[in-house]
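K.L.:
Questions regarding the structure given below will be posed in turn.
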Amino acid sequence: MTSFERNRSTFVNKDALSESYQPHQIEERDEEIAVYMDALQPIVDGWEPNNIFLYGNTGVGKTAVTEYLLRMLEADVEAYDDVDLSVLTLNCNTLTSSYQVAIAMVNTLREPGDELSATGYPQRTVFTKLYSELEALGGTVLVVLDEIDSIGDRDELLYELPRARANGYLKQTSVGVIGISNDLQFRDQLDPRVKDTLCERELQFPPYEAPELANILASRAAVALNDGACDEGVLNLCAAIAARDSGSARQALDLLRLAGEAAESGEDEVIKESHVEDARQKLDAKRVEEGMRELTVHGKLVLLAIVSKTASRQIPCRGRDVYDEYRRLCAKAKTDPLVRRSVNNHLSDLRMFSIIDATENRSGSRGNYYSYELNVPFQSAVEAMGDALALGDELVRIRKRATQNKML
DNA sequence: CATCCACTGGAAGATATGGCGA
DNA sequence: TCGCCATATCTTCCAGTGGATG
C-alpha cells in the first residue's frame, strides 16, 4: 500500500518571504518610525492631519512602515470617541495622471457596479465627485498615494486635495495626504505650491546597508524556513548582493525565497550559496519579462531588431543600423514602420527599463550618435520575446544565427 | 576658429480610441 | 446623433551637441 506524504520542505511558511507579508515588527527603521509617528500625532490629538511625503528607492520599507503604522493608528484611535478616522490607500502604479488617480479614488469608495469609467468626464467633474464621496465619509480621512511619482507632472490633485477644506469643497471632512514616491526627482519637479503643502512633513528612507538586510533576513527566515535549512553565509550573501545593487529588502527577500525554491526543486534540504546564484539569474529574467510586457508592438519590434543584431554579433550597433533592421522586421510582420524619431523614443524606453544599454559616440565631423546593445542575457531576451509578434520563423533564424555564433 | 556631421531629445500638434451628456 | 473630454501613440519640426576637420 502506497500513500501520499508531504515533501520534506525547506520552507515552513514561505509567505513570510513574500511581498504581501506583514511582519509583526519592522526591523531597522526605528528612527523613521519615530519621525513618522510624530507626523501622525495630530490625528490622535484631534487636529488637522499633516500631509506627509515619503521617498526612497523601492524595497526600503516605505510601504511596509506605512501599513504597519496606519494599522496601529487605526487601532489606537478607537479609544477616542471624538476621532473618526478613515484610511484610503491607493497604488498609483498604473495611473498616469491626477485625473486617473481621482477616478480610482472615487471607485474605491463607491459600491461595485457604480464605478466611473476611465475617461469621458471633464476633470472638474471628477474632482467634484471625489469631494462628495469624501464628504460622505466625514471625520479625518488619510489618503495614502503609493507610487505617486507615476502621475508625472500632472499633479493638480496634489494641489487640490490638501486645500479642499480651505477652498470650501469639504466641510465635514479633513483630508491628510501621504504621498509615497520611489523617484527622488519627483519631489523636485513638483509644482512649488504643491511641494509646500504636500511635503509639509518629509521622510526619506535611505537604502539598507548589508548588515541591516542581514538582520531583516534573519528575522524573516526564522519564521519562513526550517531550522538549519540554510547554509552559513547564505543570508549574508543575499544581503550583500541586495545591498550592492539596490539596498532593497524586497530584493534580498526575493533572493532568499527563490534560492529556497531552487534548493527544493534540486531536492536539497539546505539552501547553499549556489542556489542564491540561481535565484539571482531568475530575478534578472523576471525583470526582463516584466519590462517586456509593458512594450507595444513597435517597442517589441525595436527590441527584436537589437536581439537580431546581437545574434549576428553586430553589436554595439548604432541607431541607424537598428532602424534598418527594424524596418526589415516590420516588412516581415506586414506592419507599417514608424519614423526614425519614434523608434528613438522606443530605444530610450528600453534604456529606461535597463533592457538595453547605450554608449555615446562622439566622432567629431562624423557626428554624435549612440551605440546600443542588450543589457540582459541574450537567452532571457529571446525567451521573453515569446511569439507575440507572429514572427516565429524570424525567431528561429535568430536562434540559429545565435547558435552559430555560440551565443546560446 | 568656423564648419560640419549624425544624431538626440524637447515641444507641439495630429490621429485614433473609448466614453460622457444632451 | 453631435460636441466634448482624456489618453496613448505617433509625426513633424527643430535647436542643441561637441570632437574632428580644414
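The values are calculated or read from the model by the stated rules, or taken from the named source; none is laboratory data. Small disclaimer: the values here were computed from a predicted structure and weren't measured. Every residue, glycine among them, receives a Cβ derived from its backbone with ideal geometry; neighbour counts consider all protein chains shown.
K.L.:
Using the structure shown, decide if A:Gly386 is surrounded by fewer than 17 Cβ atoms within 10 Å (Cβ to Cβ) and either within 19 Å of A:Val288 (Cβ to Cβ) or in contact (Cβ under 8 Å) with a residue 24 or more places away in the chain (or both).
P.N.:
Spelling it out, A:Gly386 is indeed surrounded by fewer than 17 Cβ atoms within 10 Å (Cβ to Cβ) and either within 19 Å of A:Val288 (Cβ to Cβ) or in contact (Cβ under 8 Å) with a residue 24 or more places away in the chain (or both).
K.L.:
When the residues of region A:94-140 are filtered to those that are among the hydroxyl-bearing types (Ser, Thr, Tyr) and not in a helix (DSSP H, G or I), which remaining residue is nearest to the chain's Cα centre (by Cα)?
P.N.:
A:Thr94
K.L.:
Any residue at all in region A:340-354 that is under 30 Å from A:Ala249 (Cα atoms), among the polar types (S, T, N, Q) and part of a helix (DSSP H, G or I)?
P.N.:
yes
K.L.:
Considering each of A:Val382, A:Val376, A:Val396, A:Val339 in turn, give the residue that is more than 9 Å from DNA strand B (Cβ to nearest atom), farther than 16 Å from A:Lys300 by Cα and of a type outside the set (D, E, K, R).
P.N.:
A:Val396
K.L.:
Report the residue count in region A:359-383 for those that are touching a Gly at 6+ places or on another chain (Cβ under 9 Å) and surrounded by fewer than 18 Cβ atoms within 10 Å (Cβ to Cβ).
P.N.:
Going through region A:359-383 one residue at a time, the tally reaches 3.
K.L.:
Modelled with pLDDT of 95 or more, in contact with a strand residue (DSSP E or B) (Cβ under 7 Å, 6 or more places away or on another chain) and within 30 Å of A:Ala243 (Cα to Cα) - does that describe any residue in region A:95-114?
P.N.:
no
K.L.:
Do we find that A:Leu329 is modelled with pLDDT of 90 or more, part of a helix (DSSP H, G or I) and buried (at least 17 other Cβ atoms within 10 Å of the Cβ) in this structure?
P.N.:
Yes; evaluated as a whole, the condition is true for this residue.
K.L.:
Let me confirm something: among A:Arg328, A:Arg313, which residue is of a type in the set (D, E, K, R) and free of Cβ contacts under 8 Å to residues at least 60 places away in the same chain?
P.N.:
A:Arg328
K.L.:
Of all residues being free of Cβ contacts under 8 Å to residues at least 12 places away in the same chain and under 25 Å from A:Arg287 (Cβ atoms) in region A:352-383, which is nearest to the chain's Cα centre (by Cα)? Just the residue, please.
P.N.:
Step by step, filter region A:352-383, then rank; the result is A:Met352.
K.L.:
Using the structure shown, decide if A:Gly319 is surrounded by fewer than 23 Cβ atoms within 10 Å (Cβ to Cβ) and within 16 Å of DNA strand B (Cβ to nearest atom).
P.N.:
When the stated conditions are applied, A:Gly319 passes them.
K.L.:
Further question on the same structure: Of everything in region A:132-166, what is within 16 Å of DNA strand B (Cβ to nearest atom), out of contact with any Ser or Thr (no Cβ under 6 Å at 6 or more places or on another chain) and not acidic (Asp, Glu)? Give them in sequence order.
P.N.:
A:Ser132, A:Gly152
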